[in-house]
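Shown next, in structure tokens, is the structure this report addresses.
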Amino acid sequence: MPVIGVLALQGDVREHLRALGGAGARAVPVRRPAEIEAVDGLVIPGGESTTLWRLAMAFDLLEPLRKLIGGGMPAFGSCAGMIMLADRLVDGVRGQQTLGGIDMTVRRNAFGRQVDSFERNIELSGEPFHAVFIRAPWVEQVGPDVSVLGTDAGRIVAVRQGVLLATAFHPELTPDRRIHELFVSMVKGTS
Ligand code: GLN
């Protein structure tokens, strides 16, 4: 059974731990570089990306995380976690940095200008998926190596690049485990 770490700086860590358990992984909260190096894959939870960034800086985690992700560690980010995995960010706060990894431009709080949070069925790999959005980003542009997995009214809300996966919504908050199962199979190398 793969061991997947959930980055426990801020955000809905517990929900991801539970979802990963339900998707066939052993899930552990991780915070220190040595703990993160020891797991087979990493989840960056939803929360607030500016806080994740500031805490990652305060704990000297930005560079170790960039190195691990750049070096091929499988990672999945939901919402704020998607922002952290974006190579390019629009509408961040001044100086806000991401970890990067996925060749995409993400707009922070993109739906928020219309409505703060909502739930609806999106299209995930051709099938409906009930998705919860909370002050969510969307993906404005992707590079050639990125596959678009999910869309909502023409907006890109789920992507994959190699062993990196990101969703603008929060699959950890709903019982459908398809996204976490996909990530577990990516960590196992079977998908
Ligand atoms: N708006 C938040 C941010 O900028 C993301 C919200 C979320 O993760 N639910 O990070």
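The values are calculated or read from the model by the stated rules, or taken from the named source; none is laboratory data. These figures come from a predicted structure and were not determined experimentally. Calculation scope for accessible area: heavy atoms of the full protein, side chains included, ligands and nucleic acids excluded. Shrake-Rupley method; radii C 1.70, N 1.55, O 1.52, S 1.80 Å.
If the elastic network links every pair of Cα atoms under 10 Å, which of Gly72, Gly101, Gly11 fluctuates the most in the Gaussian network model of the chain? The residue that fluctuates most here is Gly72.
For the stretch 57-107, what is one quarter of the convex hull surface built on the Cα atoms, given in nm²? Seen from a random direction, the Cα hull of the stretch 57-107 projects 3.6 nm² on average. Per residue, the average separation of C-alpha pairs within less than 8 Å and at least 6 apart gives the chain a relative contact order of 20 percent. Volume of the convex hull of the chain (Cα atoms only), normalised per residue: 102 Å³.
Build a GNM of the chain with springs between Cα atoms under 10 Å apart, and of Val43, Val93, Val163 the one that fluctuates most is Val93. Based on protein heavy atoms only, the stretch 1-136 ends up with 45 Å² per residue of surface accessible to a 1.4 Å probe. DSSP finds beta bridges in the stretch 1-153, and of those with both partners inside it, around 50 percent are antiparallel. Evaluated over the Cα positions of the stretch 78-191, the convex hull gives a direction-averaged projected area, one quarter of its surface, of 6.8 nm².
Placing Asp145, Asp40 in order of accessible area, with the largest value first and a 1.4 Å probe, yields Asp145, Asp40. Ignoring everything except DSSP H segments at least 4 long, calculate the 222 nm mean residue ellipticity for the chain; use -39,500 (n - 2.57) per segment, divide by total residues, nearest 500. Only helices count here, giving -7000 deg cm²/dmol. For the options Gly92, Gly81, Gly71, a Gaussian network treatment of the chain with springs between C-alpha atoms closer than 10 Å singles out Gly71 as fluctuating the most. Averaging over all projection directions, the Cα-based convex hull of the stretch 27-82 occupies 3.6 nm² in the image plane. Of the solvent-accessible surface of the chain, computed with a 1.4 Å probe and all protein chains present, 48% belongs to carbon and sulfur.
Residue order by solvent-accessible surface for Arg135, Arg32 is Arg32, Arg135, largest first, with ligands and nucleic acids left out and a 1.4 Å probe.
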